[in-house]
Structure formats: structure tokens, C-alpha cells
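Colleague: Before I ask anything, here is the structure I am working with.
The values are calculated or read from the model by the stated rules, or taken from the named source; none is laboratory data. All figures in this text were calculated on a predicted structure; none of them were measured in a lab. Cβ: placed from backbone, ideal geometry, glycine included. Neighbour counts: every protein chain shown.
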Amino acid sequence: MSKISFAIVGAGWRAQFYLRVARALPELFSVGGMVVRDRSKAEAIEREWDVPTHRDIAALLKGGRPRFCVSSVSWAANPEIVLELVDRGVPVLSETPPAPDILGLKELVERVRASLGLVQVAEEYHLRPLHLAQMEVVRRGLLGSVRHLNVSVGHGYHGISLMRRLLGVSFEGARIHAFGFTYSIVQGPGRDGPPPREQTVEEKQDLFVFQFPGQRVGIVDFAGSQYFGWIRSDRLLARGERGEMEWDEVVLLKDFATPLHLKIERVESGRYGNLSAPRLEGFRFGESWIWRNPYPAPLMDDELALCEALSRMGTYVDGGAELYPLADGVHDHYLYLKAQESAALGSAEVTATPADWGGP
């Protein structure tokens with residue numbers, strides 16, 4: 001793979017994931033420049049990361065056209081950033097949701113289509129190593145046809161994206177019931193680490209139930225403390241007529257009278273007596289590798305997913321397969337907005353209509 005040089009618009013917490021990936025794998029990735037409007041923040045980035053910064057997109061492009069640009073800005077700002085890049089002929093990898101509301105989603109898709117822009121969405125959850133392994137179990141048909149899925153991995157459109165992939169849902173409509181619960185929890189760590197003292201806080205948990213054609217049911221269930229906390233775990237349950245997968249445990253039928261209990265096994269180097277550098281080597285399932293890590297650096301799973309997103313985006317802008325089309329990112333967010341509508345109506349049923357984006 002040839003080295004991929006890209007630019008970033010934005011300088012928030014998420015943008016720093018891309019900077020870390022580029023620093024860890026300089027032979028594969030480099031950040032050629034960033035758009036950072038705040039001068040003091042820009043100076044800090046230049047000192048820490050040795051990346052040139054610019055106050056606006058026009059100034060960024062004067063220094064040379066990047067292979068593509070990551071848009072990592074707020075929901076409200078993202079549509080105009082994407083469109084400005086598209087109008088200037090720059091391919092875009094949109095890190096943030098495409099637009100904050102349904103009207104904005106429609107307008108964005110229509111304007112990108114009219115401009116023939118190259119836009120993909122940096123939806124990295126389905127590219128995380130374990131999820132790639134889980135999807136491979138489903139793809140091989142070992143569970144039969146998966147028609148029931150319960151995913152508790154990421155909030156909103158992230159969980160919905162993973163749900164759609166595992167259920168094989170494209171742009172079909174859905175019947176939706178959504179619930180919101182609030183309960184007390186001892187506050188855990190956040191982006192800045194553990195809290196300074198023990199305190200109890202109120203936390204909201206979302207529960208979205210989607211009924212799709214073909215008797216497929218997807219449940220997205222998530223609380224924010226799962227991202228950093230120690231006492232809330234991620235979960236994923238997929239059920240087909242021949243078996244089920246619950247996170248990394250798989251039960252399936254060899255034949256109608258012979259159940260098999262298997263495990264998706266995580267293999268890491270640098271642990272216990274192993275003297276290799278710390279690194280995720282991959283996942284094994286039964287006697288074979290189900291996913292192998294192609295990236296040599298010791299990165300966490302979410303950063304490995306970003307490596308894959310950047311690699312696939314490089315392939316896409318060179319004329320290859322799409323990474324995660326804008327239409328998919330838009331549909332994920334559309335279903336999330338409809339679920340929010342149901343929750344606001346006291347869990348009343350809401351219908352999401354089929355879409356061509358174009359749009360419903």
C-alpha cells in the first residue's frame with residue numbers, strides 16, 4: 001500500500017485519533033495539514049504533533065491538495081465543511097454525522113450528488129477487529145440467517161450502523177419503538193480520566209427496537225458510561241436458526257443433534273512470557289484465523305479501525321471500492337433521528353420509510 005497523506009478540518013478530541021495513527025505508522029499515513037481556526041490551539045498542535053495548521057480551507061489548499069480530507073467538526077458545522085471541500089474538488093471522509101436533522105441530510109445528499117463529490121463516512125465501528133471477526137462468523141452462515149440482533153456497543157447511529165450490517169439491512173423502512181431510561185450510577189472515568197472523588201450521577205440509557213421486513217428485529221441498547229467506565233460492558237447477541245453468537249461465545253449446530261460451543265479467541269503478543277512487542281495479532285475461531293492484524297504498531301482497537309478506514313479511503317479515491325458511502329451514513333442517522341422521535345412521543349411507534357437518498 002502506498003503512503004496516504006491526508007488533511008484534517010477540526011482539532012477536537014476525535015481529530016487526535018488520526019494524529020496518533022499517523023505518528024504510530026509514519027510509513028503508511030501522514031497528516032499534511034490541519035484547519036484549526038483558534039490560533040492558540042493551532043500553535044499547541046504544531047508544537048506537539050509537528051503538523052502545519054491553517055485558519056481556513058482555502059489556506060490549507062494553497063499548500064497543496066491532499067489525497068483526501070477528514071472533516072472532524074461539530075454536527076452543525078459539518079455540512080458546510082463537506083460541501084466546501086466537495087466544491088473545491090477534494091474527496092471527504094466525514095468523521096462526524098452528516099447533518100443534524102432530516103432536512104439537512106436530504107440537502108447534503110442532493111448537493112453532493114449534484115457536484116459529483118467523493119464523500120465517504122468514517123463509520124469505524126464495523127471496522128473494529130472484534131466486529132470484523134463477528135461479521136465473518138455471520139457471513140459464513142454458521143448461525144443460519146440472522147434475524148434477531150441485540151447490540152450494545154456504540155451510541156445512536158454507531159450502534160445502528162453495526163446492527164444494519166449484521167442483519168443485512170440496506171435502505172428498507174422500519175417500525176420503531178424507542179425508550180429512554182434514567183438511573184443512578186457511581187461516576188466512572190471519562191475522556192480526562194477518573195473523577196476526583198466518588199459521586200453518584202444520573203445516566204440516560206437508550207433502547208431502540210427496529211422491526212425490518214423479513215422478520216428481522218434489531219435492538220440498539222446503550223448507556224454513555226460504556227465508553228470509558230469500568231462497571232458497564234459492551235454486548236452483542238446475534239441469533240439465527242442454527243445458532244447464536246453472544247459477544248465472543250458461539251453456539252451452533254454441527255447437525256440437529258450435535259451442538260458445538262466455540263469461542264472467538266483474541267490473540268495478543270507481548271503478554272505473560274511472550275517477548276514480542278505488545279500488539280493485537282488477530283482473532284482465531286476454531287482451528288483457523290478469522291481476522292489477522294495487518295498493521296504493525298501497538299494500537300488500540302478503535303485506532304486499528306481508523307487505520308482500516310484511512311486505507312480503504314485511499315483505495316476509494318484511487319477509483320476502488322467504497323469505504324462507507326454517504327448514503328449509508330445518512331440512513332444510519334435518519335433511523336437514529338426517527339428513534340429519537342419515538343422516544344419523545346413516549347415510545348409510540350414511528351415509521352421510517354424506505355430511502356434511496358434522494359431521501360424519504
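Colleague: Could you tell me whether P100 is buried (at least 17 other Cβ atoms within 10 Å of the Cβ) and at pLDDT below 95?
Modeller: yes
Colleague: Could you check the stretch 181-203 and list, in sequence order, the residues that are loosely packed, with under 15 Cβ neighbours inside 10 Å and under 19 Å from V153 (Cβ atoms)?
Modeller: Those that are loosely packed, with under 15 Cβ neighbours inside 10 Å and under 19 Å from V153 (Cβ atoms): F181, P189, G190, R191.
Colleague: So which of E308, E287, E241 ends up being farther than 20 Å from G159 by Cβ, of a type in the set (D, E) and not assigned by TED's automatic domain parsing to the domain that holds A133?
Modeller: Just a single option satisfies the conditions, and that option is E287.
Colleague: So if I check each of S115, S94, which one is modelled with pLDDT under 95, hydroxyl-bearing (S, T, Y) and in contact with a strand residue (DSSP E or B) (Cβ under 8 Å, 6 or more places away or on another chain)?
Modeller: S94 is the lone residue from the list that is modelled with pLDDT under 95, hydroxyl-bearing (S, T, Y) and in contact with a strand residue (DSSP E or B) (Cβ under 8 Å, 6 or more places away or on another chain).
Colleague: Kindly indicate whether K106 is surrounded by fewer than 18 Cβ atoms within 10 Å (Cβ to Cβ) and either without any contact (Cβ under 8 Å) to a residue 60 or more places away in the chain or of a type in the set (D, E, K, R) (or both).
Modeller: Judged against the criteria, K106 is not a match.
Colleague: Additional query: Looking at the stretch 44-58, which of the residues that are exposed (fewer than 14 other Cβ atoms within 10 Å of the Cβ) and touching a strand residue (DSSP E or B) at 6+ places or on another chain (Cβ under 8 Å) is farthest from V92 (Cα to Cα)?
Modeller: The qualifying residue farthest from V92 (Cα to Cα) is R55.
Colleague: Let me ask something else. Any idea which of (1) modelled with pLDDT of 95 or more; (2) under 19 Å from G329 (Cβ atoms); (3) surrounded by fewer than 16 Cβ atoms within 10 Å (Cβ to Cβ) is the one S170 doesn't satisfy?
Modeller: Failing condition for S170: (1).
Colleague: Output the residues belonging to the stretch 164-187 that are assigned to a strand (DSSP E or B) and of a type in the set (A, V, I, L, M, F, W, C).
Modeller: A174, I176, A178, F179, F181, I185, V186 - these are the residues of the stretch 164-187 that are assigned to a strand (DSSP E or B) and of a type in the set (A, V, I, L, M, F, W, C).
Colleague: Mind listing just one residue for me: the one in the stretch 121-146 that is of a type outside the set (A, V, I, L, M, F, W, C) and assigned to a helix (DSSP H, G or I) and, of those, nearest to the chain's Cα centre (by Cα)?
Modeller: Y125
Colleague: Out of all the residues in the stretch 188-196, is one or more part of a strand (DSSP E or B), under 30 Å from E281 (Cβ atoms) and over 18 Å from the mean Cα position of the chain (by Cα)?
Modeller: yes
Colleague: Please go through the stretch 337-352 and give me each residue that is among the hydroxyl-bearing types (S, T, Y) and modelled with pLDDT under 95, ordered by number.
Modeller: Answer for the stretch 337-352, where residues must be among the hydroxyl-bearing types (S, T, Y) and modelled with pLDDT under 95: just S347.
Colleague: Would you pick out the residues in the stretch 204-241 that are touching a Gly at 6+ places or on another chain (Cβ under 7 Å), surrounded by fewer than 18 Cβ atoms within 10 Å (Cβ to Cβ) and charged (D, E, K, R)?
Modeller: K204, E241
Colleague: List, please: which pairs have Cβ atoms under 9 Å, are six or more places apart or on different chains, and start with a residue in the stretch 228-239 that is of a type in the set (D, E) and end with one that is surrounded by 14 or more Cβ atoms within 10 Å (Cβ to Cβ)?
Modeller: Listed pairs, sorted by first residue: D234/V151; D234/S152; D234/V153; D234/G154; D234/F222; D234/Q226; D234/W247.
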